[in-house]
Structure formats: C-alpha cells, structure tokens
C-alpha cells in the first residue's frame, strides 16, 4: 500500500531512477543524450542478403504461404488479379483502396468499389507502403486512400507492391517512413502471409483472425 498520490508505477520508476543515479540535476543531460541517440537511429548488425532482392523477397514470402505474380506496369495489375481470382474460383468483386481506383479494373472484368473494407467482403485489394525482403513482410500505412480494413476483413487480401519499394530490412522500412511520411499515420500494419494460429494441438491453421490468403502482384515499373 502507498500513501498520498504515490502509485506502484511511481514507486517502481523511482527505484529505477535511484539505481541509475538519476536526479533533477543530471536528468536534463540524460534526456539530451537519449534524444541524440534516437535522432541518429543507429542500426545494429544485419545478416547478409543475396544480390537479387526480388528473388529473396519471393523466397521469404512464399515460405509464409504468400503467393506472388509479377507484371511490367500498374496498368497490367487488374488483368493479373482477374487471372488469380478466376484460377482460384474467387469472386470478381469486392473493395479496392481508393488510391488504386484509377486502374482499369472494369476492363479486366472486375467489379471493385473504391472504399474501405466491409465484413461481407471476400476479396480486398490494397497498395503497399513498402515491403521487407528479410521477412517477406508488407508494411501498410492507413489513410484516406489506404483504408486498413481492406487488408484485415476479407478472406483474400491482394496487394500491389512496386518492385522499387522492396527494402532490405525492417530498419529500412522505418527509415523510409520517417523520410517520406514525417508524422506516422494512425495505424501501421505489418502483414507476413495469411493469418495463422497454432493454438490447437500445435497445428497451424490459416485464416484464424484475418485473411486465409495473401497474394502479391509485384510491379516492375519504376
């Protein structure tokens, strides 16, 4: 029990400050030193990667049950998406991120509305802020043109990924966000293949709390 307004948190932090020798006189200096380190964003050691980043990204993604197609330009993406949906007997309709609404979806025989995700959507199509080769991961940043629900609610999540936006590691993804976004969006989601769980008898089950399928269309266009 603590008297007055002292909480357990205050007590714990006070003990830590005491052990560190922190006091009112040196606290400002310590904050400045920590701020300088955070501003530099020093990187730690990293494992080496093959020279062919796309091949490595594909290998890491497919190991997570993600499937990948490649096209030359963004205008080719709808036809590739249509072929994938037909190949797997999936609906040719759903939601698409508003930022991708100007692509020729109708010409490819698709009926995708530019909007956020809905609970009854079976297919959702999004863009991708960047992708991470080391882990086969997509980095999705929420916003008006990039609603987060489209990657979370549908059973099938299809993402368009520009080849030039595949970075080597997580550190590079965050640096890109700092350089380009300034202020981080409300949500940053990392997608590493379909949703899965191994809670029941340690058997992996896909689609436990999100999409059953994740399919990427890599755009080689710069």
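Overview of values
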{"quantity": "Helix 170-181 axis, angle to the chain major axis (alpha carbon atoms, nearest 10°)", "calculated": "90"}
{"quantity": "Relative intensity, log₁₀ I(q)/I(0), of the chain from a Debye sum that treats every alpha carbon as a point, q = 0.10, 0.15 Å⁻¹", "calculated": "-0.57, -0.98"}
{"quantity": "Region 22-41-region 159-187 distance, computed between alpha-carbon centres (Å)", "calculated": "28"}
{"quantity": "Length gained when the stretch residue 32-residue 15 is fully extended (0.36 nm per residue, less Cα-Cα span)", "calculated": "4.0 nm"}
{"quantity": "Between 0 and 90°, nearest 10: helix 77-87 axis offset from the chain longest Cα axis", "calculated": "70"}
{"quantity": "Peptides 77-87, 179-189 ordered by average Cβ neighbours within 10 Å, highest first", "calculated": "77-87, 179-189"}
{"quantity": "Degrees separating the helix 27-40 axis from the principal Cα axis of the chain, which is the longest one", "calculated": "20"}
{"quantity": "Zone residues, region 137-169, relative to residue 49, backbone N less than 11 Å from point 7 Å out along Cα-to-Cβ", "calculated": "137, 165-169"}
{"quantity": "Proxy reagent accessibility, fewest Cβ within 10 Å first, across 132, 68", "calculated": "68, 132"}
{"quantity": "Cα shape, region 75-162, gyration tensor, a/c 1.5 rule", "calculated": "rounded"}
{"quantity": "Packing-based ranking, highest mean first, of 145-156, 109-120, 56-67 given that Cβ atoms within 10 Å are counted", "calculated": "145-156, 56-67, 109-120"}
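Read the figures in this text as sums done on the coordinates, not as results from a lab. Because the structure is a prediction, the values reported are computed rather than measured. With ideal geometry, Cβ positions are generated from the backbone for all residues, glycine too; neighbour counts draw on all protein chains shown.
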